[in-house]
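What follows is one structure encoded as structure tokens, with my remarks underneath.
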Amino acid sequence: MHEIGHNLNLAHSGEGSNEYADQSGMMGYSYSSSDSPVMCFNAAKNFQLGWYDDRSTTISSNWAGIIIGIAEYDLAIDGHYVI
């Protein structure tokens with residue numbers, strides 16, 4: 001999945017000089033064993049790919065709305081935004 005991310009023009013997810021330091025998604029630290037966590041791309045990479053553009057918004061200090069997770073994306077209605 002990590003290499004597929006590169007094919008989609010995603011860069012590594014890291015911190016400082018360690019380009020693999022982010023363990024929240026496949027573009028950072030990748031586990032090599034079959035009993036490792038099930039992972040895909042994290043929220044930042046999903047945003048870069050534009051996968052949830054119809055449910056994203058820029059917020060300000062007076063923003064009002066409902067934030068939902070990716071697992072509830074198919075249940076979203078107007079005013080619901082994915083994180």
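The values are calculated or read from the model by the stated rules, or taken from the named source; none is laboratory data. Predicted model only: the values in this text are computed from it and were never measured. To get the accessible areas, we keep the full protein, side chains included, count just its heavy atoms, and leave off ligands, DNA and RNA. Shrake-Rupley method; radii C 1.70, N 1.55, O 1.52, S 1.80 Å.
At a 1.4 Å probe, what is the % contribution of carbon and sulfur to the accessible area of the chain?
C and S fraction of accessible area: 52 percent.
Give me the 1.4 Å probe accessible area per residue for the chain, excluding ligands and nucleic acids, in Å². Don't jump to the answer; show the numbers that get you there.
Working: 5970 Å² over 83 residues.
So the chain comes to 72 Å² accessible per residue, rounded to a whole number.
Return the Rg/Rh value of the range 8-54, two decimal places, where both radii are evaluated on C-alpha atoms and Rh is the Kirkwood radius. Present the calculation step by step, with values, prior to reporting the outcome.
Details: Rg = 11.5 Å, Rh = 11.4 Å.
Reported Rg/Rh, Kirkwood definition of Rh: 1.01.
What whole-number value in cubic angstrom gives the convex hull volume per residue for the C-alpha atoms of the chain? Mind dumping the intermediate values first?
Details: hull volume 10.1 nm³, N = 83.
So the per-residue hull volume is 122 Å³.
Using alpha-carbon pairs under 8 Å, 6+ residues apart, how would you state the relative contact order of the chain in percent? If you can, show how the numbers build up before the last one.
Details: 85 pairs, mean separation 15.4, N = 83.
Dividing the mean separation by the residue count of the chain yields 19 percent.
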